[in-house]
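First comes the structure, then the notes that go with it.
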Amino acid sequence: MKARYKKHILNFKRPSGTSRGILTQKETWFLILEENGKLGIGECGLLRGLSMDDVDGYEDKLQWTCDNISLGVQALYGELKAFPSIQFGIEQAFISLRSNDAFELFTSSFTGGKSTIPINGLIWMGDAGFMYEQIQQKLEEGFSCIKTKIGAIDFNKEIELLESIRKRYSKDDIELRVDANGAFEPKQALEKLQALSHYDLHSIEQPIKQGQYSQMKRLCSESPLPIALDEELIGVFELKEKKRLLQTIQPHYLILKPSLIGGVKGSEEWIALANEYDIDWWVTSALESNIGLNAIAQWTFTLNNPMPQGLGTGSLFTNNFDCPLAVKGGQLGYGNDKYWETNLIESLCM
């Protein structure tokens, strides 16, 4: 078996804002395996500034992975504990190599084009006019669940935006989720959560920065608004540490991003604990290309989670790869009228 890697830069169609800054490009990496003339591919969805494996030596670790590919998926996964995005890339690549179709990793009625996945419509930060424009577009496209980023513009402006939505659409019409990406200061967070709770929000993701267990525990116990952990899960590897986190904080929801928490295996470990502690969860992509998004979506469908998932990021880039994934009416489907780019894996090897 041979292995190689390839870097790819995704360009956003328009600058996209979060509380951590404005995004114009997204770096990603592909692992390509070859055995007996057959190719397999996996995406290592590194997210600069957020992934815990955003460290010097990342490319060296990719080369090490390729040099030691004969160790097999299980041994490699264990050796790559500090590189969760490469763990996920390895999982994908080996499944892809062993599959009849390199892009059909988890066969189901979803890949058969007979079932779809409910997803939320994602609203990026910007001025109030831009955010409202996005919301209007998502509603016209048929989304019944909208997730909006908050924490970058004036909080009162964000409140006005939510208020304007609720004047037109009740919680029975539109489910609203907000994501602060850790933007609130702990001393001010509860007051802001109380203000947000007046607008019948489903939940808020990561109101304060991760790693502040006692403050997050207090917020989860006192907040009138359900809290979901997102960045909080990054870098927590050991099972006992995952248990300690959940037992201490006692969140209402978990947000699972396979590229950031060790792929399928890492995510399923969190799911098992969430089920044990009666915590709901959903899966979200992390700005992967359509190759990684395809793997996440196919796996997510097998979990039979009825909640809207965060898998609507495939249309954000100007230079993504043509694929069967398609969003319609707030649902992600696998269309039979679209196909993967011809010789895509071979072209990435060049």
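The values are calculated or read from the model by the stated rules, or taken from the named source; none is laboratory data. These numbers were taken from a predicted model, which means no experiment stands behind them. All Cβ positions, even for glycine, are placed from backbone atoms using ideal geometry, and neighbour counts span all protein chains on display.
So that you can scan it fast, the table gives a plain yes or no per residue for (1) more than 25 Å from S109 (Cβ to Cβ); (2) assigned to a loop (DSSP other than H, G, I, E, B); (3) at pLDDT 85 or above:
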residue: G314; (1), (2), (3): no, yes, no
residue: N319; (1), (2), (3): yes, yes, yes
residue: D322; (1), (2), (3): no, yes, yes
residue: Y339; (1), (2), (3): no, yes, no
residue: T342; (1), (2), (3): yes, yes, no
residue: L348; (1), (2), (3): yes, no, no
Task: Filtered residues of the range 244-264 (kept if in a helix (DSSP H, G or I), under 17 Å from the mean Cα position of the chain (by Cα) and among the hydrophobic types (A, V, I, L, M, F, W, C)) - done: L260, I261, V264
Task: Residues being more than 22 Å from E238 (Cβ to Cβ) and aromatic (F, W, Y) - total across the range 268-292 - done: 1
Open item on the list: Considering only the range 145-168, I want to know if a residue exists there that is under 21 Å from L245 (Cα atoms), in the same structural domain as T248 (by TED's automatic domain parsing) and either surrounded by 18 or more Cβ atoms within 10 Å (Cβ to Cβ) or modelled with pLDDT of 95 or more (or both).
Closed with: no
- [ ] Of all residues in the range 72-117, count the ones that are under 11 Å from A3 (Cβ atoms) and either in the same structural domain as G329 (by TED's automatic domain parsing) or among the hydrophobic types (A, V, I, L, M, F, W, C) (or both).
- [x] 5
Open item on the list: Can you tell me which residue is surrounded by the fewest Cβ atoms within 10 Å (Cβ to Cβ) among those in the range 182-217 that are among the polar types (S, T, N, Q) and under 19 Å from D230 (Cα atoms)?
Closed with: S214
- [ ] Select from the range 296-350 the residues that are of a type in the set (V, I, T) and either in contact with a strand residue (DSSP E or B) (Cβ under 8 Å, 6 or more places away or on another chain) or exposed (fewer than 12 other Cβ atoms within 10 Å of the Cβ) (or both) and list them in ascending order.
- [x] I296, T300, T313, T318, V327, T342, I345
Open item on the list: If I ask for residues that are β-branched (V, I, T) and in contact with a Pro (Cβ under 6 Å, 6 or more places away or on another chain), which ones from the range 200-249 would you list?
Closed with: I208, I227
Open item on the list: Looking only at the range 265-302, count every residue that is in a loop (DSSP other than H, G, I, E, B), more than 21 Å from D179 (Cβ to Cβ) and either free of Cβ contacts under 8 Å to residues at least 40 places away in the same chain or of a type in the set (D, E, K, R) (or both) and tell me the total.
Closed with: 2
